[in-house]
Structure formats: C-alpha cells, structure tokens
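In what follows, a structure is listed as structure tokens, so that the remarks can point back to it.
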C-alpha cells in the first residue's frame, strides 16, 4: 500500500436544528404524518419567494467558525438548477459565490499522530422532499422540503479511512456540541459523500476520482474507503477493470461499491446568483456574539485528555463523543478531582448507571461537587474506597447530599489505633495456626487477616492503620 | 367609466353611486370590451366587496394581470400550463388592495408568463388594441392596458420586466408607472426574470398612479427584495418643476441620428420635441446627452440574455406534479416533458432553451456574465447622469401600436428605440409613461425615468407635463 | 454554427419537447443571439466590471426570526394536485 497515496475528500450534509425551514416559516421537524409541515413556499407554488431564517444563518456561521473558516463580510445565495421530482422549484437555493465560510482548517489527532483537514467551504442550503417508492408509483412528502442543511466540503487532503472517520467523528461531535445538528447518521441528519483516488510516489494522480454517494454510517465510511482503495489499486495494477471518473454507491450488505453513473451523464447545474435574496451584511459584533457561544471543541478536548490527563485514546473518545459527559468530566477536573480518578468514577460507576437507567448525565443526581466530596473523603482517609462507593449509592438512592448521608449512615473509618489493636489481637489469638503458616511463607494470609479486620469492623477500619498494626504484630 | 379615482371616491361617498353598482358597471364593461379586444382571462361575475372606509380605494374596481396570485380565483399566467390553477393564497399586493377595499373585477390576459411584448401569446388568444382592433395593445401586460384605456376600470395592475407596463401604456394612451425596484413587493406574482421584474400600475392620470402605488407599496416580510417603508407619494405631488433638469439621448431622440427615418418616426420625434418645448415652458431645462452607440446597441441583447437565463430557472417549477394539468408519460420525465410540451407556447420554449444555453458552464462567462457586466455599465452610466439631472425623458415607443403582421415574435435586431425602456429594469429606476399625443390616429407616450428611490421627482415631472398635454388617457367613445 | 441535434438536446435537458418547426426557429434565433452577443462583447473594459445580478446594491435589512407559522392544511395545499394518495402526491415510479 505504501507505494500509493490515498487521497480522500469528503462532502457532508448536516440537517440544521431550527424551529422553521430555511426559506419559509413552516415547521422544521420530523413528522410521521406526511405533508404536515408545509406551505406554498415549500411546495413552490407560482410566485413564492424565499425569506431567509436568521437562526439557520447563525448556526451555519457558528459551524463556519468551528471549522476555522473565514467568514465573509456579506453572504450571497445561488441557484443550482436541475430537475428531480423531490425538488419542487426545479432549483435548489444554495451558496457558491459568498458562502458562510471558506478556507477552513481543523487539527485532529488519531492513532498517535496529528493531521490537518483543510476545509474548502461550508454553505447553507435547503433539503429536498422525501419520496417513498412503491411497486408502480412514488409518493412525495414535502415535510423535509426546504429544511436547512449545512454542507461541509473538505479539500482532498485526507489520507486514510481512519482519518476520514476521525474527521467525521469530530464533525458530528462538534455539530452536537454547538447544538447545530443532532448529527445522527442513522436518522439521516448527517449524509456523507466520499471522493477517492490514488497518487503514486511522485505525487501524480494515477486513478480518476470516484465519488461514493451517501454512505450511511461512520463505520461504513471506513469500509467504503477500504474497499474502494483496494479496488482502485487492483484495477490500476492489473488493468482488469477500466477506471473512469464516476459516481458509485456503497452497498451495505456486501460492503462493496457499485457504479451509479459516469461523468458523461453529469448534470450542468447552471449556477447563478439567486436574484430574490439580496446580499446579507454580516455584522462584526454578531460574529463576536456567535463566537462566544462556541464551547471548547472535541478535537481540543481529545488531545488534552490524552496528553495532559493521560487517558488512552479510546478512553478519551468515550468522554468526548458525549458533550454533556465531557462537560461533566471537565467540571470535575476544574474543581480539583484528579483526572484519572474522575475518569475511573465515570467509567466504572457513572456511565453504567446512566445506561441502566436510560438517563443522561444532565439528569444525574451526583454533581461534580458531590463527587468531589466523596473523592476527598476517600483521599483523606475519613472513609474507605468501599465506603465511598456505598456513599455514592446512598446518594443515588436517597437523593440527598453526601455530607448528610455520610453522617446518617455513619460512614467513617475506624482509625483509633487502640481500638483496632484490640480487634486485631483478638483475631490473631483465634488463628494461631495461620500465624505459623504465615511465618512459614504463606504471606498471602496477610490479606485474610485484613479481611477479618474489615469484617469485624463492618468495613470501617482504616485499612492503612489496620495494615500498619497487623504488620507490626506479625513481625 | 372614465372618471379618476378621486372623482369616483366623491361619487361613492356622496351616495350618488353605490359600490355594488360601480362593480357591476365594471363587470358589464369588461364583457363588452372582451368581446372586442379579448382582454381578460377571467371576468368575476360577482366580485367580492368588503369596504374599508379609511381608504380612498374602497369600492373602486380594478383589474389584475393574470400573473398575480388571487386566492380562490383562477390564475393562469395566460398559459396552458396553468389553465386550471386556483391559488390558495393572495399575492401581497392583492391582499393589500383587498384590505383597502378595492374590488377585483377581472384577471387580464398577458403574454404567457409575461414573456413577450405583443400581447399575442396568451393562451386565450391575442389581445387587441381598443383604438384599432387590427393592432397590438403592446405587452406583456396587454389586457390590463386595454382595461384602463377602455374605461372598464380606473386602474389595473401589471408587471414590467423590460417595458411590459410602459410600452402597452404608450400604445393604449394611458399612464403606466413602474416604481423603483423593491418599492412594491412581488410575493405571489408569477415570475419571469426576478432581478428585472417589477409590479407596475396602469391609470388614466399620474395622480391615480401615485394613489394606487401608495396603497400597495411598502416592506413585506415575504419578499426580501422589498424596500423599507417610504413616505407616501400622493401628498408630495405638487407639479412644481421649476429648475428641474432633464436629459434626453441624442442617439435615440434626435432625428439627425437616423439615416433613413420613417415617416412615423419623424412624426414621433416631432411630437417629442413639442413635449420638450412644453417642459421648457414649465421651467425645466432639457439637455441632450450622448451615450456610446455600442452601449445602446447592447441594451437589447443584454436584456435577452439576462431575462431568458432567469426565466429558464423561474419556469422550472412548472412540472405538472403539484399543480397544473398532468402530462402523460410512462415515467416521470416523460410526464413532465409532455406537460411542458403542451403547456408552454412555442415562444416560451425557445426562450427557455436560449436561457439554458447562456447559463451553461462553458458559455456562462461569454454570454450570461458579460451581459451582467454590460448591465452594470449601463446602470453606472445612468447613475452618473442622474447626479446631474432629475430625470431622463424619452419616447416610450417609436410610433403607435403595430399591426398584427402574422409573424410570431422572433428574437431579432430591433431598433434601440423599441427596447431602451429596459434601462429602467436594469437599474430598478422609477419610470413612468404618460400619453403624449397621437401619431396617425394612434396614441403614443413619452417616458420619464429617474434615479432609484426618487419616485417623487419622476412623478412630479410627469404630473406637471400631463397638465400641459391636452390628450387625457383613455379612449372616450 | 449550431446544429439541430444540439438544440433538441438542450430542450430535452429542460424537459421540453420541440416540434420540428420550433427547432428550426430556434436555430435561426441562436444565430441572432450569437450576433447580438457580439455587440455585448465588443464593449471595451468589460473585464473590469463586476457583473450586476440585481438592479442596485440591495441589502437585506433584517432576516426572518425563527418563529413557526401555521402550516397550510394538506387538503388545501394539494387542492390543485391531479394525482394523490392519502396525504401525498403520487407520480409514476421514480427510479434513479
């Protein structure tokens, strides 16, 4: 494989969250009832004109910033002309001349290396109607017609399926972090076209560009890239298949790509400036306001968790993929919980609990501050780890502050040496045979004795002190 | 009826005339005129009346070009493609007129979807000039011009993409006014070329034109190109034009610019010169200016390219899927093709092919974008002149209405004089045609165009000239 | 310089059927258009001019606030539709 350089460019459509459609005031929301959220604009009755949704522009500009793009001082919209029954106007309003962002750049990290994805542009446009195909006819539902989309187009600068996946994960997470899109590929909120071809060692393209349309999930993107790269290499090396510039689709069942059409059938979209939308001045202060709303982003968090908090890449990803969870984690660290400790609490106790209860972290009773209380009490030795876990569970059951529950359930380590010494002496007295065995080399019996101490103190014995006393006694 | 809006208002207010009777008069007159001139697609037998005592237009009947969407009333665009289409919403201007209590009595025929300048491509047949039934009424707003000229209604709505209000106004001897682009919202008006399309009005006096525009202008949340609120025009009409400066273009309105002028052209220019003398007597200065002949020659091709390009896109919505008669075909493309083949007239089809051609990737630079550049140069030239002048005065046509010659409208090199009103559409300039007199017993108009958002000045110049011109709009039998 | 095949192909892409007569008329018109365009391209200094896409530098004052307006009832919205099934518009089967 190293003989060839894989060149990948991605075109991604994301459905934008808003109350209304991008050019009409009818509702932007999924509905099982066909043609429920429609008006004359969505169906393109004669004489309709677009009226641009401010919220959709705001969200598109926000993503433009997330992707490190340059925002123009004014926006323009263009028409993309083509005929398809799901496009009632016979053209789609999109952006070519002055889109919400151009020339962006995103720094990412995958498999222990940094890489950069350059963004050609991001633009705001409208979605089409949806069609249901039956044996002899097709039904058209216009609920989706005119709902806002942002399309993100990368430069052909991605060099592996893994990098493509990392970018898509970053993008999906960012869309959610910024509340721009639910970005669920399975629900069609995010649709990805993948362009692939190969270069030789001299940096020359040796295969024509192939576009794979509408790949249905992030993992399929990896499969599609792997299949297509292998196909192109094989065809190039053996000549058994002629390579042409074409559009293919990914077949999920066989995990292969299948030809849809070649370049000869390509449509000329006859783009021109949309005359019904005047230029839109973008106020600097508005941009500033939008920028302030952007949280720290998943790529920055991922790298920080790995480099600074010593989490593994997969541990870091677990947190980063969920904005609220990641925020919870950040808050824990901000108030002084050790990053590794905080991660362990999340991964061993919290995430499992949330999954079991079908709950999100937002509704989770134990705030970072409560968690810190518990962790601090363990660290100071006031309670044992086991008691810490108990306290954690009491909090969830009784929905009460840990400080109160600690007192209520008398969770406290026994660290009075005299008292412990009495208990230990008693244990040793009843187990003389075992002491002998211990001295004869069965040192793992030390654990048994500690266990006995814990049993008799109902787990309240401070293990550090208990160990110290026991060590002294067994000398 | 040949009374103006104010006169009718007085009669209605005094009780001399009932709203219902006035509407009935309009309906009856529509039928009579229709049998002669074929001006209407729909005559509304029982027009809805909902008075608004606060508005001057309350109870006043009017006609709207069949490009204006009217809720519950057939709206065809004068095309077979929409021959059975009934909108469920009103165009913004229609709903504003409804609120003001004006009474819609007919939908008037026009060139199909507003493409064309003859009134001969309507799906209901050709529209005839009330002065001579063997002649055109001009287009595309042919029926609306006929309605006002024949005294059917005191005002009618039209649209103007190249000269579609101002040219038929000239041929029918009435006032045709197209305000600044964006002054009147276009929402609900069937489009031709959106960057050139204007809503305009036909009346028999300048003041009536101002009155109607005042009640339909203003911002519209449904039209992003609509301008913010402006002062009403009617109260600012004072006819005071002392010291105003007008220019005309030597290359267009000076007989010496023509090698072999026809008799008709000579007469037209003579009439134009008489108007100029009148303007001077009113205290205005009228100065000839020269514009590069090449730029003038480019007006028509520029208009053709831009308007066809936008039309090809704007008319893409007509597929027969959601509205309009369904085409036949075993698959969806055949179905749409059949609908469009039968729905569109030959002229439209040819325009759409041309529009598509000039937008194609490999042609776009040479055709479409260069046309847009020439458009900018023409706009710049006129804006430069408007820094020194209050208005541009010109003949609205080179003569009276042409005869139906049996030829269909084919794109050709016509004289600059027949196409120069498109300048007003290129720059969105306010532009008004008023009757100037008769040539060979046919009416002819002059046109005043001014700078963007200076409608008051343009109207005032027209208002002052109108008082001094004996011929009043309308065919008084 | 234009062929009839080209013109028929253009029309086809626009989903328009042309009669023979229409195609011939278009052929003539194309030649005129081409000559007319020469009049455009003859003008000096074209390349230095920004193309005008609107009559003047029109800017939008305010964008629409994101407030939902009531939908049009499906029976009203599809009242002009010739073929529908339930709440949807029916067309011959669309195959890509």
For segment A:417-473, take every pair of Cα atoms, bin their distances at 5 Å starting from 0, and report each bin as a whole percent. 4, 19, 36, 25, 12, 3, 0
Just to be sure I understand the model, the point goes 7 Å from the Cα along the line to the Cβ. What's the resulting residue A:74 to residue B:328 distance in nm? 5.2
Working note, chain B: Cα radius of gyration (Å, one decimal) and Dmax (Å, whole number) are 21.0, 70
What ranking do B:84-93, A:338-347 get when scored by the average of other Cβ atoms within 10 Å per residue, highest first? B:84-93, A:338-347
Long-range Cα-Cα pairs in chain A (distance over 31 Å), rounded percent: 58
Just from its helices, what would the mean residue ellipticity at 222 nm be for chain A, if runs of 4 or more DSSP H residues each count -39500 (n - 2.57) and the sum is divided by every residue, rounded to the nearest 500 deg cm²/dmol? -11500 deg cm²/dmol
Fewest Cβ neighbours within 10 Å first, please rank A:294, B:94 accordingly. A:294, B:94
Taking only the Cα positions of segment C:4-89, the convex hull volume per residue in Å³ is 228
Using label points projected 7 Å from each Cα along Cα→Cβ, tell me how many nm separate residue C:38 and residue A:379, to one decimal. 8.7
Using Cα pairs under 8 angstrom and six or more residues apart, how large is the relative contact order of chain B, in percent? 18
In the protein assembly as shown the DSSP beta bridges are antiparallel at a rate, in percent to nearest 5, of 80
Per residue of B:75-87, what is the mean number of Cβ atoms on other protein chains within 10 angstrom of that residue's Cβ? 2
Projected area averaged over all directions for the convex hull of the alpha carbon atoms of the protein assembly as shown, nm², comes out at 55.5
In whole Å, how far is the Cα centre of segment A:288-344 from that of segment A:407-475? 41
Residue of C:17, C:45, C:86 that the Gaussian network model of chain C assigns the largest fluctuation, springs spanning Cα pairs under 10 Å: C:86
Take peptide A:233-244, look around each residue's Cβ out to 10 angstrom, count Cβ atoms belonging to other protein chains, and average those counts. 0
Could you let me know the centre-to-centre spacing of segment A:12-91 and segment B:162-227, using Cα atoms, in angstrom? 29
Be a star and scan segment A:61-90 for residues whose amide nitrogen sits under 17 Å from the point 7 Å along the Cα-to-Cβ vector of residue A:133. A:84-87
As a check on your grasp of the helix formula, calculate [θ] at 222 nm for chain B: sum -39500 (n - 2.57) over DSSP H runs of n ≥ 4, divide by the residue count, round to the nearest 500. -10500 deg cm²/dmol
Kindly state, to the nearest 0.05, the FRET efficiency for residue B:254 paired with residue C:28, given R0 = 56 Å and r defined as their beta-carbon distance. 0.95
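Quickly rank B:198-205, B:352-359, C:56-63, A:388-395 as a protection proxy: mean count of other C-beta atoms within 10 Å, highest first.
B:198-205, B:352-359, A:388-395, C:56-63
Within a 10 angstrom radius of each residue's Cβ in B:179-185, how many Cβ atoms of other chains show up on average? Whole number is fine.
Partner Cβ neighbours, averaged per residue: 2.
Show me the ranking of peptides B:230-243, A:369-382 by mean Cβ neighbours inside 10 Å, starting with the highest.
A:369-382, B:230-243
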What do you get for Rg/Rh of segment B:1-131 when both radii come from the Cα atoms and Rh is the Kirkwood radius? 0.98
Please work out the C-alpha center-to-center distance from segment C:49-96 to segment B:228-274 and express it in whole Å. 42
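Readers should treat all values here as calculations from the given coordinates under stated rules, not as data from a laboratory. These numbers come from a predicted model, not from an experiment. Cβ atoms come from the backbone with ideal geometry, glycine included; neighbour counts cover every protein chain shown.
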